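One structure follows; several queries about it will come next.
The values are calculated or read from the model by the stated rules, or taken from the named source; none is laboratory data. Because the structure is predicted, anything quoted here is derived from the model rather than measured. A quick note on method: Cβ atoms are made from the backbone with ideal geometry, for glycine too, and the neighbour counts reach across all protein chains shown. Note: accessible area is taken over every heavy atom of the protein model, side chains too, but ligands, DNA and RNA are not part of it. Shrake-Rupley method; radii C 1.70, N 1.55, O 1.52, S 1.80 Å.
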Amino acid sequence: MYRSTRILLTISVFFVYSIVTACSGESYDQLSGESLKNTPPEAFKEVVIFSVNDVHGRIDNFGKVKHIIDEARKEYQSVYFVSAGDLFSGNPIVDFHPEKGYPLIDLLSKSGLDVNVMGNHEFDYGQQELAERMAQASFDFICSNVEPGSGSLPEVPDYTLIESGGLKVAFVGIVETGSRGGLPLTHPKKVQGLGFEDGNAAFGRFASLKETSGADLLVALTHQGEQEDRELLSQHGFIDLVIGGHTNQLYGYSLNNKFMVMSGKHLETMGKTTLKLFDDGRISYDFEVVDLVAQGPEDAEIVALIAQYNNRPEFYETIGQSARDHDRRETACFYTDALRLVSKADFTIQNRGGVRANLDAGPVTPFDIYTIDPFGNGLEAYELSVAALEDLLEQIDVSFSYSSEFTMQRYGDQIELLHNGVPLPNDMPVTFALNDYLTNEFDELFGDPTLTYELTTADYLIQYLKTLTPGPINYQDCER
């Protein structure tokens with residue numbers, strides 16, 4: 001059977017806190033902290049909301065998800081299944097399907113998803129691909145802080161009102177805007193022409209939504225992280241529940257007599273939030289974590305469909321060997337060395353946030369590489385002087401790894417390039433290669449590239465492994 005952990009809400013005299021316990025089957029009133037186990041059933045209406053977030057293309061547990069949702073809809077009167085964003089980027093089976101992202105849209109639709117809020121990685125395939133996937137979905141996409149502007153994405157609804165078992169829930173969406181220029185964290189070209197605003201600051205316009213729509217609950221379905229969700233719930237007391245994503249966390253706790261949850265990542269877990277709505281306006285909250293990795297019943301048709309999608313032998317060809325399990329920093333060393341040797345540049349960098357998985361011991365396959373680098377970024381090269389490169393690196397204010405025969409030394413905010421401990425001449429010419437996400441993110445620092453490479457960065461990593469790698473990869477203790 002599936003394992004689960006339940007978080008029961010209690011309130012002390014001075015502050016609100018949550019308790020992780022075994023499944024006791026007992027929940028508590030958000031205001032009084034009193035047990036509700038003896039409350040007559042006719043005194044409240046019950047709503048069950050299942051939630052996932054940051055799925056990132058993982059599909060293998062959908063057989064369990066489908067079974068759980070189907071059984072819950074037989075057991076409870078009002079059941080919802082929602083996603084808090086980042087459906088895409090992370091599984092080559094999904095990311096490199098002929099219709100990018102379609103396997104996930106198909107499986108979510110067949111599993112009964114009601115609504116998904118836009119995550120920053122929903123934009124990774126580009127606006128046209130996203131529009132096509134939205135049209136294919138049987139569920140709603142929502143986001144209150146994006147406008148189509150001059151982009152090619154159709155207008156996305158601010159919210160959706162969904163009725164189940166005689167109860168109406170209004171789900172209002174927010175996507176994070178933490179990248180430079182107030183954009184979501186995706187390739188800037190992919191959101192060109194779209195307009196974004198601070199979702200928290202603009203959320204006040206939904207203060208009367210419950211009254212005007214006849215909703216019994218207002219749920220903020222967000223993709224912006226725990227801290228921003230705490231600020232949202234603190235600023236807007238009319239919100240009943242915040243279901244969040246973006247930071248891959250797993251929690252359910254009370255804040256200001258309301259509740260906020262996040263349900264993990266990669267379809268390893270699913271949240272189950274049970275709300276009881278009392279006639280006098282009180283609401284109780286009960287949050288349970290459903291372990292989707294554990295053994296349990298599965299929907300046979302969904303399992304068969306997953307097997308069909310996973311039948312891509314070209315992704316599992318052995319193209320190299322890794323001598324050990326590498327952590328993220330060591331994987332970044334491999335990544336930057338490979339790009340430098342393929343591009344024949346003097347200096348290569350890679351933003352660490354763009355290295356999305358670790359290189360593990362054993363055979364290395366294209367599936368592994370596309371999981372490490374799922375974004376389809378291009379590669380560009382620039383000819384410049386040592387002094388110009390040092391100045392440019394000082395202005396790239398994101399964490400990055402580098403590869404070079406030179407050494408990069410930091411002195412506070414200053415960077416100096418050395419060879420055998422000796423500073424390089426300022427006027428010495430060098431070739432600098434990096435992905436086009438960075439050149440677009442910091443477009444004010446870059447002009448036209450000297451060379452634009454034909455393939456993606458991931459394809460060049462694969463080329464390196466097939467043609468240039470000298471033996472088993474081992475970057476133990478590498479930190480650059």
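Being surrounded by 17 or more Cβ atoms within 10 Å (Cβ to Cβ) and more than 25 Å from Pro103 (Cβ to Cβ) is the filter here, so list the residues in region 278-302 that pass it.
Ile283, Ser284, Tyr285, Asp286, Phe287, Glu288, Val289
For Arg356, all conditions in the list (1) out of contact with any Gly (no Cβ under 9 Å at 6 or more places or on another chain); (2) open to solvent by 60 Å² or more (accessible area, probe 1.4 Å) hold save one; what is the number of the exception?
Unmet for Arg356, out of (1) out of contact with any Gly (no Cβ under 9 Å at 6 or more places or on another chain); (2) open to solvent by 60 Å² or more (accessible area, probe 1.4 Å): (1).
Right, here's the next one. If Ile369 satisfies every condition in (1) open to solvent by 10 Å² or more (accessible area, probe 1.4 Å); (2) β-branched (Val, Ile, Thr); (3) closer than 30 Å to Leu451 by Cβ but one, which is the exception?
It fails just one condition, (1).
It is to be established whether one or more residues within region 305-317 are open to solvent by less than 10 Å² (accessible area, probe 1.4 Å) and polar (S, T, N, Q).
No, region 305-317 has no match at all.
Among the residues of region 366-384, is any more than 30 Å from Asn91 (Cα to Cα) and of a type outside the set (Phe, Trp, Tyr)?
Yes, because at least one residue in region 366-384 is more than 30 Å from Asn91 (Cα to Cα) and of a type outside the set (Phe, Trp, Tyr).
Being surrounded by 13 or more Cβ atoms within 10 Å (Cβ to Cβ), closer than 27 Å to Lys190 by Cα and without any contact (Cβ under 8 Å) to a residue 40 or more places away in the chain: is that true of Asp391 here?
No, not satisfied.
For residues that are open to solvent by 90 Å² or more (accessible area, probe 1.4 Å) and not charged (D, E, K, R), scanning just region 418-451, find the one that is nearest to Ala381 (Cα to Cα).
Pro429
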